[in-house]
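A short worksheet on the structure shown next.
The values are calculated or read from the model by the stated rules, or taken from the named source; none is laboratory data. Just so we're clear, the structure is a prediction, and the values are computed from it rather than from any experiment. When we count neighbours, we look across all protein chains shown, and the Cβ atoms used for this are built from the backbone with ideal geometry, even at glycine. Note: areas computed on protein heavy atoms with side chains; ligands, DNA, RNA excluded. Shrake-Rupley method; radii C 1.70, N 1.55, O 1.52, S 1.80 Å.
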Amino acid sequence: MKRLFSMAALVALAAGGAATQASAATATAALDANSAYVWRGLTFNDGFVLQPSMDVSANGFAFNVWANYDLDDYDNAVDDNEFSEVDLTGSYAFTLGKVDTSVGIIHYIFPTTDATAAGADSSTTELFAGLGYDLGAGFALSTKVYYDFDQVEDFYVTAGLGYTYGINAKTTLGLSGTVSYAGEDFAGSYAGGTDGGFFNYLLTSSVKYMITDALGVAASINYTDSMDDDVLPDEAVDTTVFGGVNLTYTF
């Protein structure tokens, strides 16, 4: 029943986006080439991956499809040259005064059982809600709460500070830092942790260059690590430094 509910919610959000004015819709295709696949501090692949995505949005509604394609086999932990994950996200963004707000749902699909993060299940689903506040001078605060109501039945929360600087009309520098907090069941299911608490932190530096008004290229480097070994054991963090390049095209 929970899985039926999650898929119905996705369909409802997508339909809501489709029902808005077609002339207001935009679509963005993206392709990331990364040195590793690291998610919330957890290493899913310490080798090269490709991560294509497509996002369609209109009047605050958005629907996104994202996938991870493993080019390396992570010491035979995943199959190389196969898709190990596909994520479907439906969301709605709006403003409350000066606060940017978003709500949505993410359905995670793991096509190969050896790539499944939560036990032997082939999928799971999260609800999320986020807030963002522009501090001015290029700085912004953000926080987001995720709750897996399907397989894990627990939460993961992030809080971050970001900075953007326009180097010139086509080039933007981005710097950000994020810390996270996870429930005990989330830590146990995904990382083998024995307690809930501060999970991981992530530091990111990126540069984006717009080749045309529609086509952009970016490069990023990231550093992540555990904040508490009882919550995110060190053995679950094989990769602390990773980076890659990103191409985007907006239709």
* Report, ordered by the first and then the second residue, all pairs with beta carbons closer than 7 Å, sequence separation of six or more or different chains, a first member in the stretch 221-239 that is β-branched (Val, Ile, Thr), and a second member that is assigned to a loop (DSSP other than H, G, I, E, B). => Thr224/Gly41; Thr224/Thr240; Val231/Gly193; Val231/Asp195; Val231/Gly196; Val237/Gly41; Thr239/Ala36; Thr239/Asp46
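Taking the stretch 198-251 as the search range and keeping residues that are part of a loop (DSSP other than H, G, I, E, B) and of a type in the set (D, E, K, R), which one is surrounded by the fewest Cβ atoms within 10 Å (Cβ to Cβ)? Even if it seems obvious, please write down each step before you answer.
Filtering the stretch 198-251 for residues part of a loop (DSSP other than H, G, I, E, B) gives 211-214, 227-233, 237-240, 251.
With the extra rule that they be of a type in the set (D, E, K, R), the set shrinks to 213, 228-230, 238.
Working: Asp213: 8, Asp228: 17, Asp229: 14, Asp230: 13, Asp238: 16.
Checking each candidate, the answer is Asp213.
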* Could you list, in sequence order, all residues of the stretch 59-92 that are under 17 Å from the mean Cα position of the chain (by Cα), more than 18 Å from Leu131 (Cβ to Cβ) and among the hydroxyl-bearing types (Ser, Thr, Tyr)? => Tyr69, Ser84
* Does at least one position in the stretch 93-104 carry a residue that is farther than 22 Å from Ala129 by Cα, among the β-branched types (Val, Ile, Thr) and at pLDDT 95 or above? -> no
* Please verify whether the stretch 201-215 includes one or more residues that are within 27 Å of Ser123 (Cβ to Cβ) and hydroxyl-bearing (Ser, Thr, Tyr). => no
* Asked: Only one residue in Phe83, Phe63, Phe44 is more than 19 Å from Ser122 (Cα to Cα), open to solvent by 40 Å² or more (accessible area, probe 1.4 Å) and among the aromatic types (Phe, Trp, Tyr). Which one?
  -> Phe63
* Are there any pairs, at least 6 apart or on different chains, whose C-beta atoms fall under 9 Å, with the first in the stretch 171-190 and without any contact (Cβ under 8 Å) to a residue 24 or more places away in the chain and the second β-branched (Val, Ile, Thr), and if so, which? -> Gly188/Val152; Gly188/Thr194
* Which condition does Leu31 not pass, out of (1) farther than 30 Å from Thr164 by Cβ; (2) modelled with pLDDT of 95 or more; (3) surrounded by fewer than 17 Cβ atoms within 10 Å (Cβ to Cβ); (4) not aromatic (Phe, Trp, Tyr), if it passes all the others? -> (1)
